[in-house]
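Trainee: Next up is a structure, given as C-alpha cells.
The values are calculated or read from the model by the stated rules, or taken from the named source; none is laboratory data. This is a predicted model, so every value here is computed, not measured. Positions of Cβ are generated from backbone atoms using ideal geometry, with glycine treated the same way; all protein chains shown enter the neighbour counts.
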Amino acid sequence: MWWKTGRKRLDLSRRGRVMGILNVTPDSFSDGGTHAGVAAALGHARRMIAEGAEIIDIGGESTRPGAAEVLVAEEIGRTAPVIAALREEWEGVISIDTMKASVAAAALEAGADIVNDVSGLTGDPEMAPLCVKTGCGVVVMHMQGDPRTMQVAPHYDDVVAEVRAFFEERLAALIAAGLDPETICFDPGIGFGKTVEHNLALLRALPELGAGGRPVLLGVSRKSFIGRVLGSADLADRSWPTVAITAWAREAGVMIHRVHEVLPNVQALRMTEAILHRGIPHSPDE
C-alpha cells in the first residue's frame, strides 16, 4: 500500500507512521498558544521529528467543538511561515490542517505535501481542484455537522455503515474530479460529531473503513471520549490510553497515527509491528 504525497510516496505496507500535531493556534483544546510563533513552532516540530514523527501536521484554526472561525488571512499568517521555515531545514512530509482552499494553496506553495481537511473536501468547492492540480496527498475526514455544532446531538442509525458509505462516495467523487486515488487516505473523524459509543464502535470496526483499499489515518490523541471512558477530566490521564489505542489500531491495520506525544506512540507501533511481522519492518520510501 502506497500513499502518494507532494514529494514522495510513503510505503504503508508494513510500517506505520506517526503524524505529529503542531497547532499554531491560541485556542486548541490541549495545547492552545503553546506553539504560536515560528520559533516556538519550529522548536516543537524538531522535538517531534527527533522522537520519530515522519509527518508534521500544522494547523492554524482550532476544530474543537464550539471553536470560533478564523479569517483566511490570519490562518495563512499563522501557518505558511512555519511551513516555509520547516521546509528549509527538513525533507520530511508536511501536512496542512485546513478546510479552506486558499489556506491550503498558501501552505502548498510554502512547502506542504498533504492537505488534511476535516470536511472531507466538501467545505470549500475549490479544495478538490487545488488538490488535483498540485498532486498533493489528501486526508478525507468524516465529520457530522461542522466544528461549531458537531457535538450538539450527533445521531446515526449505523455509524460504521454511514462513515464507510461517506468514504465510498468521497472516493468515487474525487476520482471523478481527477484526483489520483493513490493520494487519498481516510480519517473516521473520532470525536467529530460522534458520541463516546460512536467512537468506540468505529474503533472496533477499523478494518472495515478503508474504502477502495486506501489507508486509514486515526486521530484519537487526548480526545475527550478517553476522559469520559476513564472518568477523568485531566488531560494527562489521556496520554497512555492514546498509546494503547495506537497499538490496537495498528493491529487492526491503521498505518497513520496523528498524535501529540510522538515517542511513546512510535514505540507502540514498532513493538506491535515486531510482534506482527516477526521483526522490525524497514520499508524505504520512494
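Trainee: Of these, 197, 273, which one is among the charged types (D, E, K, R), within 24 Å of residue 56 (Cα to Cα), in a helix (DSSP H, G or I) and out of contact with any Lys or Arg (no Cβ under 6 Å at 6 or more places or on another chain)?
Mentor: 273
Trainee: Run residue 209 past the list (1) closer than 23 Å to residue 273 by Cα; (2) of a type in the set (A, V, I, L, M, F, W, C); (3) more than 18 Å from the chain's Cα centre (by Cα) and report the number of the one that doesn't hold.
Mentor: Condition not satisfied by residue 209: (3).
Trainee: Any residue at all in the range 202-224 that's in contact with a Phe, Trp or Tyr (Cβ under 7 Å, 6 or more places away or on another chain), closer than 30 Å to residue 91 by Cα, of a type in the set (D, E, K, R) and at pLDDT 95 or above?
Mentor: yes
Trainee: Now, a different point. Among (1) modelled with pLDDT under 95; (2) surrounded by 15 or more Cβ atoms within 10 Å (Cβ to Cβ); (3) not charged (D, E, K, R), there is one condition residue 233 misses while meeting the rest; what is its number?
Mentor: (2)
Trainee: Which residue is nearest to residue 93 (Cα to Cα), if the candidates are limited to the range 108-133 and must be surrounded by 24 or more Cβ atoms within 10 Å (Cβ to Cβ) and free of Cβ contacts under 8 Å to residues at least 40 places away in the same chain?
Mentor: Checked the range 108-133; the qualifying residue nearest to residue 93 (Cα to Cα) is 115.
Trainee: Take residue 220 and tell me if it is within 23 Å of residue 140 (Cβ to Cβ) and touching a Leu at 6+ places or on another chain (Cβ under 7 Å). It would help to see each step written out before you state the result.
Mentor: On the way: within 23 Å of residue 140 (Cβ to Cβ): yes; touching a Leu at 6+ places or on another chain (Cβ under 7 Å): no.
So residue 220 fails the test.
Trainee: For residues that are in a helix (DSSP H, G or I) and either within 10 Å of residue 4 (Cβ to Cβ) or touching a residue at least 24 places away in the same chain (Cβ under 8 Å) (or both), tally how many sit in the range 174-183.
Mentor: 4
Trainee: Return the pairs, sorted by first residue and then second, in which the second residue is assigned to a helix (DSSP H, G or I) and among the small types (Gly, Ala, Ser), the first residue lies in the range 184-209 and is over 18 Å from residue 116 (Cβ atoms), the beta carbons are less than 6 Å apart, and the residues are 6+ apart or on different chains.
Mentor: Every condition considered, the pairs that remain are 206/249.
Trainee: List the number of the failed condition for residue 233; all other conditions in (1) without any contact (Cβ under 8 Å) to a residue 12 or more places away in the chain; (2) outside any loop (DSSP other than H, G, I, E, B); (3) touching a helix residue (DSSP H, G or I) at 6+ places or on another chain (Cβ under 7 Å) hold.
Mentor: (2)
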